[in-house]
Structures are given as C-alpha cells and as structure tokens.
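The structure that follows is given in the form of structure tokens.
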Amino acid sequence: MPSDYGDDSGEKLVDWMLRIGQDAGGAAMSAGAERLANAFRNARGQVAGTPDAVAEELEDAPQWAKLSMAEFEQLPEYESIRQLIDEELDRASIEHAFHNDGERGFLVFKVEDAPDVDEVFADLERKASEALDEAKERIAQPKSRDAERLAVKAEQAKAASAASKAAREQVRQVERLEQKAR
C-alpha cells in the first residue's frame with residue numbers, strides 16, 4: 001500500500017483506522033459486557049429467596065416462577081445469550097422453558113429451583129466479567145502489523161533468493177556445457 005501513495009502515508013492511515021476501530025470496538029465490548037453482567041446481577045435479585053419460606057407463608061404457592069427476560073432482550077445478540085442461559089440451566093439439570101407472553105419474554109422454572117437458578121446466574125455473571133477481562137487483555141496486545149508485514153516480506157525474500165539461486169545454477173550449467181563442448 002505505501003507504493004500506492006509513494007510513501008508510508010497510506011500505511012499510516014490504515015494503522016490509524018485500525019486503532020480507532022479497535023478502540024471503538026473495545027468500548028462497545030466493555031459496555032455490552034457490563035450490561036450483560038448487570039442483567040445477570042439484576043435477574044439474581046428477582047429469583048433469590050428460599051422457596052420453603054415462601055411455601056410456609058402461602059399454602060397455595062405457585063409451583064412455577066417466571067423471570068422477565070426484558071433486560072436481556074435489550075442486549076445485542078439476545079438469541080446467543082438466551083442459548084447460553086438455556087445450556088447452563090440444562091447443565092445444572094434445572095427444568096425450565098422460555099415463554100413469550102405477547103411481546104415480553106420470560107424464563108419459566110420451578111419455584112423450588114430458584115436458588116439453583118440464582119447460582120447459575122451468579123456463575124454466568126462471574127464468567128461475563130472474566131471474559132471481559134480476557135478480551136481486554138487480548139485487545140491491549142494486538143498483533144503488530146509491522147511484524148505481519150515483516151513475515152510476509154521474509155517469505156517473499158526467501159522465494160526470490162531461491163529463484164535467483166536457481167537462475168544462477170542454470171547459468172553455471174550452461175557455462176559447463178559450453179566449456180565441455182570446446
């Protein structure tokens with residue numbers, strides 16, 4: 001690309017644009033991860049409590065609870081988040097279902113499983129925070145475009161050297177044949 005401009009200005013523009021994109025992507029990633037962790041934290045507050053205490057207070061307590069997924073639905077890639085929640089609840093052997101009541105989505109589960117659902121959401125909140133930390137580390141250490149370019153140039157130099165050596169060898173062979181012919 002530098003040859004397109006006659007100097008390194010084109011390369012510098014590309015590097016600048018990549019840095020801007022990485023910074024913006026990193027900020028969006030951080031904001032999204034924080035919103036996801038908050039959604040898990042807020043959901044935990046809605047499912048916490050002991051089912052025994054509730055059952056004692058209310059003889060006819062409902063068997064099923066529903067948790068609003070509204071906060072999760074507002075996040076990008078909700079279907080991926082929903083699938084993640086579904087897989088984690090399955091892994092914990094918690095009977096559950098996702099249900100849409102009009103435009104609102106809910107997670108439905110047995111009241112007696114509320115502490116287990118709370119534990120799964122606490123684990124997902126922790127994993128979201130850890131994933132954000134790891135992603136930040138990866139962004140902070142981007143691959144150097146100079147190192148990538150250097151590796152490509154090294155490969156090109158090796159290929160050119162091999163071609164030059166082969167050409168010199170052919171010239172030597174021709175010279176040997178000429179000397180033998182004399």
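The values are calculated or read from the model by the stated rules, or taken from the named source; none is laboratory data. Quick caveat, the model's predicted, so the values are computed rather than measured. All Cβ positions, glycine included, derive from the backbone under ideal geometry; neighbour counts span all protein chains shown. Keep in mind that these areas ignore ligands, DNA and RNA; they rest on the heavy atoms of the full protein, side chains included. Shrake-Rupley method; radii C 1.70, N 1.55, O 1.52, S 1.80 Å.
Non-local amide H neighbours of Met69 (under 5 Å, H modeled in plane, Pro and chain starts lacking H): which ones?
Under 5 Å from the amide H of Met69 lie the amide H atoms of Gly105, Phe106, Leu107, each far enough along the sequence or on another chain.
Tabulate in residue order the Karplus-calculated ³J(HN,Hα) for the range 122-128, using 6.51 cos²θ - 1.76 cosθ + 1.60 with θ = phi - 60°, rounded to whole Hz; enter x for Gly and Pro.
Whole-Hz 3J(HN,Hα) from phi for the range 122-128: 5, 5, 5, 4, 5, 5, 5.
Also, I was wondering about something else. Can you list the HN-Hα couplings for the range 80-89, worked out from phi with the Karplus curve (6.51, -1.76, 1.60; θ = phi - 60°), rounded to whole Hz and with x for Gly and Pro?
Result, ordered by residue: 5, 5, 4, 4, 4, 4, 4, 4, 5, 5 Hz.
Separation of the range 67-85 and the range 119-140 by C-alpha centroid, Å?
Distance between centres, Cα-based: 16 Å.
Ok, one more. Sorted by accessible area (1.4 Å probe), largest first, how do Asp23, Asp123, Asp113 line up?
From most exposed to least exposed: Asp23, Asp123, Asp113.
If you don't mind, another one. Using a 1.4 Å probe on the protein heavy atoms only, what accessible surface does Trp64 show? Give it in Å² to the nearest 10.
120
At what distance in nm do the modelled label points of Ala157 and Glu87 sit from each other, each positioned 7 Å from its Cα along Cα→Cβ?
The two pseudo-label positions are separated by 4.4 nm.
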